[in-house]
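Undergrad: Attaching a single structure in structure tokens format; questions to follow.
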Amino acid sequence: DLLEEDLDSESLSKILELVEENVSSDHYAHEIMKKVIQEQELTGKSLETFIEGLESINSDHYLMEVIKRFGANRSLTESQMLKILEATKNISSDHYHASTLVILAPRVRALGGRVVSAYREAAKSIGSDTYYGKALKALDRWQAAAFLYLTLMKPYMQKHVLIPTIGMALAFLLYTYL
């Protein structure tokens, strides 16, 4: 399998562009992007191409799944997170849109400023008051937990998938019950 080989950023970017242009099935695009997240180091051009490729996924469910796997376990720059938040506006289901924003809330809060404003703007396209409230509440709830999580887990975020997930859960529990 080509994606199991160690690819440079330029080659990986070309593959992602081909997927975006030629794979019309959201299911298969989702599967390929999942494999890229698991097997490849996304940096530079390949990271930007990956984020741009999110716009080509039309299924709310598959887009949420890709963002969940990608955005929740990576250190992203402000501009990268802004692009991901922009991509969430393509999610028409209030449930999936709110769920995606809730997943991103700890990272958004940690980045602060313009990213928090973009998060709130993305949440405004949620029509349901219930789901809109969940998205905004998650942003506030994660304020203290995000700081603890990012402080403890930063060295492990790029290399390990389970450790950041466990760390995020522990930080949330500490914030909630202490």
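Undergrad: Would you please put 122-132, 20-30, 104-114 in order of how densely packed they are, using the mean number of other Cβ atoms within 10 angstrom per residue and starting with the highest? Kindly include the intermediate steps, with their values, before the conclusion.
TA: Numbers: 122-132: 16.0, 20-30: 14.5, 104-114: 20.5.
Going by the mean number of other Cβ atoms within 10 Å, highest first, we get 104-114, 122-132, 20-30.
Undergrad: Please give the per residue accessible area of region 35-75, computed with a probe of 1.4 Å over protein heavy atoms only, in Å². If you can, show how the numbers build up before the last one.
TA: Details: 1570 Å² over 41 residues.
Using a 1.4 Å probe on heavy atoms only, each residue of region 35-75 averages 38 Å².
Undergrad: Considering only Leu7, Leu18, His30, whose Cα is most displaced toward the positive end of the charge dipole of region 1-40, charges sitting on Cβ of Lys, Arg (+1) and Asp, Glu (-1)?
TA: It is His30, whose Cα lies furthest towards the positive end.
Undergrad: Under the 0.36 nm per residue contour assumption, what length would be gained going from the current alpha-carbon distance of Arg120 and Asp1 to full extension?
TA: Details: separation 119, 0.36 × 119 = 42.84 nm, distance 4.03 nm.
This chain segment gains 38.8 nm when fully extended.
Undergrad: Quick one: accessible surface of Asp1, probe radius 1.4 Å, all protein chains present, in square angstrom to the nearest 10.
TA: 110
The values are calculated or read from the model by the stated rules, or taken from the named source; none is laboratory data. For clarity, every value in this text was computed on a predicted model and none was experimentally measured. Glycine gets a Cβ as well: all are built from the backbone with ideal geometry, and neighbour counts include every protein chain shown. Ligands, DNA and RNA are stripped out before the accessible areas are found, and what is left, the full protein with its side chains, is counted by its heavy atoms. Shrake-Rupley method; radii C 1.70, N 1.55, O 1.52, S 1.80 Å.
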